[in-house]
């Protein structure tokens with residue numbers, strides 16, 4: 001399965017924006033959410049702006065602290081898992097390119 005950078009970036013941005021929107025809807029500040037999640041406010045900010053790809057555990061903590069309904073939480077956790085898998089695949093492909101990537105075409 002090829003990795004589509006545009007899709008990966010869009011999904012990451014969607015996750016970040018959704019987490020931020022959920023925090024705003026709850027009325028919590030980034031600092032207050034950070035305290036509830038046992039994270040730094042800087043980490044919350046980096047997650048919400050898409051500069052840091054959160055771990056699945058980070059997303060679980062945030063969703064629990066925001067008391068997000070299960071069906072929404074399941075969807076966001078699925079998105080977080082997909083993002084982590086794509087990140088790992090991209091790293092692996094960078095480190096260990098396909099054996100055929102360096103071969104010249106021809107007889």
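Looking only at region 64-92, residues that are within 17 Å of residue 33 (Cα to Cα) and within 13 Å of the chain's Cα centre (by Cα) come to 0 in all. Of the residues in region 52-67, not one is under 11 Å from residue 16 (Cβ atoms) and surrounded by fewer than 16 Cβ atoms within 10 Å (Cβ to Cβ).
Comparison of 93, 85, 51, 81 shows that the only residue that is out of contact with any strand residue (DSSP E or B) (no Cβ under 8 Å at 6 or more places or on another chain), at pLDDT below 95 and not in a helix (DSSP H, G or I) is 51. Taking first residues from region 27-52 that are more than 17 Å from residue 14 (Cβ to Cβ) and partners that are at pLDDT below 95, the Cβ contacts under 7 Å between residues at least 6 apart in sequence or on separate chains come to 43/52.
The values are calculated or read from the model by the stated rules, or taken from the named source; none is laboratory data. Computed from a predicted structure; not experimentally measured. Cβ coordinates were reconstructed from backbone atoms using ideal geometry, including for glycine residues, and neighbour counts include every protein chain displayed.
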